[in-house]
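Read the structure below first, then the notes.
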Amino acid sequence: MESSRCPPEELRIRILSFDELRQRALSAYLESVAVPRSIRRQGRDRVRIMRYVLKCERVFQVVAAELGRIARLPRTTSMHPFYAEIANIASHGRFDEIVARAARGVMIVSKLWKEYRERILSSLTPAEAKRLAREFVGRTLSVARRSLRHAELLREAVKALRQTPCIDTESPLVIVAGMPQVGKSTLISRLSTAKPEISPYPFTTKHVILGHMEVDGHRIQLLDTPGLLDRPNSEMNPIERRAAAALRLLRAVTLFLIDPSRDSYYSIDKQLRVLRNVSEIVGVDNLLVVMNKVDKVDEGRLKSVEELVEEAGFQVKYRISALKGWGLGELVRGVVEELRRRGLLA
């Protein structure tokens, strides 16, 4: 069943590397163990043999516990498609494969432990028990190494999911898109509870940022998306692909911000190219084009940019200045109307 609100809670774990797991397992093996009194009565050799059994049991417990934690992670098929896409972007599409490999590893080491426990207990001498114990540890760590192949990708996927905000996919959602430095973070900051760090340099938004605003008793989510989105999905970096995933997989009204100022960081032509790309992802009918930073631009420039937008097949719906707060009331009313038109708000 898809999660409708957040990345699964089980993902809030730390994934060990093989070297870290190996160190933990060997440390557990080297620790002293207490042999039960009933065994001590059976003689010195039997005590030494039992010590190897207990040491191997500790190794098994350490390895099985770590692989088991990974094996219990939810598969992407049980996640909401947006969160599944975030996981697959970070893991290069190997999330489920890595989890399944860990599950197989648990089964293998469990069988090894059952086999070697009987063999060590049946040893005739401590030397034989020692040899079997080392053999067990070596084989178990070999399984762990194979099971943790690409663990670094799983670690990146878990990190990306932890950093992805808790989006209620059943509640009204507005996505704010546009190129860096067009004022997306400023708008989110003015309208919502999110207070993103605003920097004079582009590419500062590395993850989707979620805020909320209350309108007529309704709680509306606002999502600030990172990335340029000015190239095909196959050529995008992970940050851009996360933004594209939000646009493609979340039911929302999308605001596309344009900076019409003459000193904008990106030219109008480049901004329009991204606008076309975004419209291909979300559909023209789901897109509201918003001209921001109108406090910096004269009327002649605004009309000139609006004509270019129309020539590209779009229409500027609102003029605002997120910095000055101009036009935000009209924008919010338009967003609410659009959410209702699309059945996303009662």
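Residues in the stretch 67-105 that are outside any helix (DSSP H, G or I) and either β-branched (V, I, T) or open to solvent by 30 Å² or more (accessible area, probe 1.4 Å) (or both) were compared, and the one that is farthest from R251 (Cα to Cα) is R72. Right, L249: open to solvent by less than 20 Å² (accessible area, probe 1.4 Å), at pLDDT 85 or above and not basic (K, R) or not? Spelling it out, it is not the case that L249 is open to solvent by less than 20 Å² (accessible area, probe 1.4 Å), at pLDDT 85 or above and not basic (K, R). Right, L229: outside any helix (DSSP H, G or I), farther than 20 Å from L161 by Cα, touching a strand residue (DSSP E or B) at 6+ places or on another chain (Cβ under 7 Å) and open to solvent by less than 50 Å² (accessible area, probe 1.4 Å) or not? It is false that L229 is outside any helix (DSSP H, G or I), farther than 20 Å from L161 by Cα, touching a strand residue (DSSP E or B) at 6+ places or on another chain (Cβ under 7 Å) and open to solvent by less than 50 Å² (accessible area, probe 1.4 Å). Among the residues of the stretch 41-50, is any assigned to a loop (DSSP other than H, G, I, E, B) and exposed (fewer than 12 other Cβ atoms within 10 Å of the Cβ)? Yes: one or more hits. If you go through the stretch 165-178 and pick out every residue that is modelled with pLDDT under 90 and in contact with a strand residue (DSSP E or B) (Cβ under 9 Å, 6 or more places away or on another chain), you end up with 5.
The set of residues in the stretch 106-121 that are of a type outside the set (D, E, K, R) and either under 21 Å from V35 (Cβ atoms) or open to solvent by less than 90 Å² (accessible area, probe 1.4 Å) (or both) comprises V106, I108, V109, S110, L112, W113, Y116, I120, L121.
Residues checked against (1) among the hydroxyl-bearing types (S, T, Y); (2) within 14 Å of the chain's Cα centre (by Cα); (3) within 21 Å of T125 (Cα to Cα):
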position: P7; (1), (2), (3): no, yes, no
position: L11; (1), (2), (3): no, yes, no
position: Y29; (1), (2), (3): yes, no, yes
position: S32; (1), (2), (3): yes, no, yes
position: P36; (1), (2), (3): no, no, yes
position: V62; (1), (2), (3): no, no, no
position: N88; (1), (2), (3): no, yes, no
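Can you find a residue in the stretch 65-76 that is free of Cβ contacts under 8 Å to residues at least 24 places away in the same chain and within 16 Å of L154 (Cβ to Cβ)? Yes.
A count restricted to the stretch 140-155 and to residues that are modelled with pLDDT under 95 and of a type in the set (K, R) stands at 2.
Scanning the stretch 122-180 for residues that are polar (S, T, N, Q), over 29 Å from the mean Cα position of the chain (by Cα) and open to solvent by 20 Å² or more (accessible area, probe 1.4 Å), which turns out farthest from F95 (Cα to Cα)? So the residue we want is T125. Being assigned to a loop (DSSP other than H, G, I, E, B) and within 30 Å of A25 (Cβ to Cβ) is a description that does not apply to S171.
The values are calculated or read from the model by the stated rules, or taken from the named source; none is laboratory data. What you see is a predicted model; the values in this text were computed from it and never measured. With ideal geometry, Cβ positions are generated from the backbone for all residues, glycine too; neighbour counts draw on all protein chains shown. In case anyone asks, the SASA skips ligands and DNA or RNA and just uses the protein heavy atoms, side chains included. Shrake-Rupley method; radii C 1.70, N 1.55, O 1.52, S 1.80 Å.
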